Structure formats: structure tokens, C-alpha cells
Amino acid sequence: MSLGTFHLMQTLKNSPAALRRRFKRDRLESLSHGDPLFKVHYLGTEKIFSLDREQAQHAIQHLLDGISNGKKLGKDHALVVRPRYVEVKELSTGRQLTKTYLQDIAYCAADATRPNVFLYICKHHGQQLQCRVFWCSRAERAKDMTTCLAHSFQRALSDWQDGSNTLAAKTKGMEETTKSITKSHTLPASIGKVRWKKRGSVSRSPHRAITRRGSASDS
């Protein structure tokens, strides 16, 4: 490699555009920590009262109307799929906006009529249903997010089942051990009867001994 080519490569590597790309890549890695991360625009949350499709469509339309009326998409966001929960963060600051445990998510999908829209419906505070809506720059990203969450649900279910089976096996083993210990410390019922019977045959009554001595002296 010539000296001129080396300087050219260093100049390109240290150019503002390259530095911005490197900073953005480092930022994404720091936010994801190795977990799946999707760059999205978080449109917001709408309260709904059932899992009816019409209510979800109404929530999506209400949030999209705000954008069509001149409201900007706002900052870039990152949706990160963790092993036990999903969180939404600001890309620029890393500030967490939402955190939803997988067990609280009742439904997720890429919208059929708006392929760039991804949504999930979750329980809030154990009762209230909320529909959270995201805008993706590409329709494929919304599908990828749906697939990723589906895999996370499956892994979480498998982990829960494995944990339940392990707990059941441990509980059964403890019960068998307890029965064995209890059995080994329990005396047969016949032991007490034999002992009392044997003791009764050996012992002598004081009254009977006195009577016998009296009879012998009289004779």
C-alpha cells in the first residue's frame, strides 16, 4: 500500500460522516447489550378496553392523524427486546420511555392495512389495556419485530415450563425423603405390647409375696 493510499484511507476513516456512523453504531451497541434492537419512531400509547381489532385500528388512526396534521415524528427511538421484557429508549440520550414485561403483552403484530406500523397491546398496572404504536421506515422491519417478539414469547414459555418441571421434581423428591425419614423413625406397634407383656410375667406383686410368707409360717 502506497503512502498516498494510506493517507486517503485515514482521511475517509476520520471524516465527519464516518465518525457519525461509528458513533451511531457504538450508541446502538451500548443500548442493546447484545439483545435485538430495532430503530423505530414511537408514536405513542392509546387506552383501549378490549382486544377487539376495531379498537386497535382506532388507536392507530388517532395517532397517525396527529402526524398528518403537521405533527413531526419526533426523535428516533429504539425498541429493544430483552429476554423478559421489551423497552423503548431514545436513541440520542438512551433514556427509557417504556418497559413492558413479556407476560403483560397480550398481542403484537405488523398492521395489515398499514405495513409500516407495528403495535403491541399490553396490560398496564394489571388491568388497563394499552395499545402502543410504532412507525417503521420499512415494512420488513415491522415484520421482523413481530417475528422477534414471537420467538421471545416461545423462549420465555419454554423457560417457564422447564422451571416448573424442575420445581415439581424437587418437590416430589423432598416428599419421598420426608416419608422415608418418618418411616425410619416410627417404631412398630407390637414392640410396646411385647415389652409390657414380658414385664408383667417377670414382676411379682408385694401382696402375693406377703400372703405366701404368712401361709408358710402358719403351717
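The values are calculated or read from the model by the stated rules, or taken from the named source; none is laboratory data. Bear in mind the structure is a predicted one, so any value in this text is a computation, not a measurement. Methodologically, a virtual Cβ is constructed for each residue, glycine included, from the backbone with ideal geometry; neighbour enumeration extends over all protein chains shown. These area figures cover heavy atoms from the full protein model, side chains too; ligands, DNA and RNA do not enter into them. Shrake-Rupley method; radii C 1.70, N 1.55, O 1.52, S 1.80 Å.
Being surrounded by fewer than 16 Cβ atoms within 10 Å (Cβ to Cβ), under 22 Å from the mean Cα position of the chain (by Cα) and modelled with pLDDT of 90 or more: is that true of TYR101 here?
Details: surrounded by fewer than 16 Cβ atoms within 10 Å (Cβ to Cβ): yes; under 22 Å from the mean Cα position of the chain (by Cα): yes; modelled with pLDDT of 90 or more: yes.
Criteria met by TYR101.
For the structure I just gave you, tell me whether LEU37 is within 30 Å of SER158 (Cα to Cα), at pLDDT 95 or above and open to solvent by 30 Å² or more (accessible area, probe 1.4 Å). Show your work before the answer.
Details: within 30 Å of SER158 (Cα to Cα): yes; at pLDDT 95 or above: yes; open to solvent by 30 Å² or more (accessible area, probe 1.4 Å): yes.
In short, yes.
Starting from residues that are surrounded by fewer than 17 Cβ atoms within 10 Å (Cβ to Cβ) and modelled with pLDDT of 90 or more, keep the ones in the stretch 66-86 and report whichever is farthest from HIS124 (Cα to Cα). Lay out the reasoning, then the answer.
Initial filter on the stretch 66-86 (surrounded by fewer than 17 Cβ atoms within 10 Å (Cβ to Cβ)): 66-76, 82-84.
Keeping just the survivors that are modelled with pLDDT of 90 or more gives 76, 82-84.
On the way: ASP76: 24, ARG82: 18, PRO83: 19, ARG84: 16 Å.
Only one residue tops the list, namely ASP76.
Determine, yes or no, whether LEU19 is touching a strand residue (DSSP E or B) at 6+ places or on another chain (Cβ under 7 Å), part of a helix (DSSP H, G or I) and either modelled with pLDDT of 95 or more or over 17 Å from TYR107 (Cβ atoms) (or both). Walk me through how you get there before you give the answer.
Values: touching a strand residue (DSSP E or B) at 6+ places or on another chain (Cβ under 7 Å): no; part of a helix (DSSP H, G or I): yes; either modelled with pLDDT of 95 or more or over 17 Å from TYR107 (Cβ atoms) (or both): yes.
Here the answer is no, as LEU19 does not meet what is asked.
Consider LYS89 carefully, then state whether it is touching a Lys or Arg at 6+ places or on another chain (Cβ under 8 Å) and either open to solvent by less than 70 Å² (accessible area, probe 1.4 Å) or of a type outside the set (Phe, Trp, Tyr) (or both). If you could, list the steps in order and put the result at the bottom.
Numbers: touching a Lys or Arg at 6+ places or on another chain (Cβ under 8 Å): yes; either open to solvent by less than 70 Å² (accessible area, probe 1.4 Å) or of a type outside the set (Phe, Trp, Tyr) (or both): yes.
Yes; evaluated as a whole, the condition is true for this residue.
Out of all the residues in the stretch 108-156, which are in a loop (DSSP other than H, G, I, E, B), open to solvent by 40 Å² or more (accessible area, probe 1.4 Å) and closer than 22 Å to LYS75 by Cα?
Filtering the stretch 108-156 for residues in a loop (DSSP other than H, G, I, E, B) gives 111-116, 125-127, 136-138.
From the residues that got through so far, the ones that are open to solvent by 40 Å² or more (accessible area, probe 1.4 Å) too are 112-115, 125-127, 137-138.
Residues satisfying the conditions are ARG114, PRO115, SER137, ARG138.
Given the options THR93, THR98, name the one that is free of Cβ contacts under 8 Å to residues at least 12 places away in the same chain, among the β-branched types (Val, Ile, Thr) and more than 16 Å from PHE153 (Cα to Cα). I'd like the intermediate steps shown before the answer.
Details: THR98 fails: free of Cβ contacts under 8 Å to residues at least 12 places away in the same chain.
Going through THR93, THR98 in turn, the sole match is THR93.
Which of the residues that make up the stretch 114-149 are more than 22 Å from ASP65 (Cβ to Cβ) and within 19 Å of the chain's Cα centre (by Cα)? Working first, answer last.
Applying the first criterion (more than 22 Å from ASP65 (Cβ to Cβ)) to the stretch 114-149 yields 122-128, 138, 140-141, 143-149.
Scanning the stretch 114-149 gives CYS122, LYS123, HIS124, HIS125, GLY126, GLN127, MET145, THR146, THR147, CYS148, LEU149.
Restricting the search to the stretch 40-54, which residues are open to solvent by 100 Å² or more (accessible area, probe 1.4 Å) and in a strand (DSSP E or B)? Can you show your working first?
To start, the set of residues in the stretch 40-54 that are open to solvent by 100 Å² or more (accessible area, probe 1.4 Å) comprises 47, 49, 51, 53-54.
The one that is open to solvent by 100 Å² or more (accessible area, probe 1.4 Å) and in a strand (DSSP E or B): LYS47.
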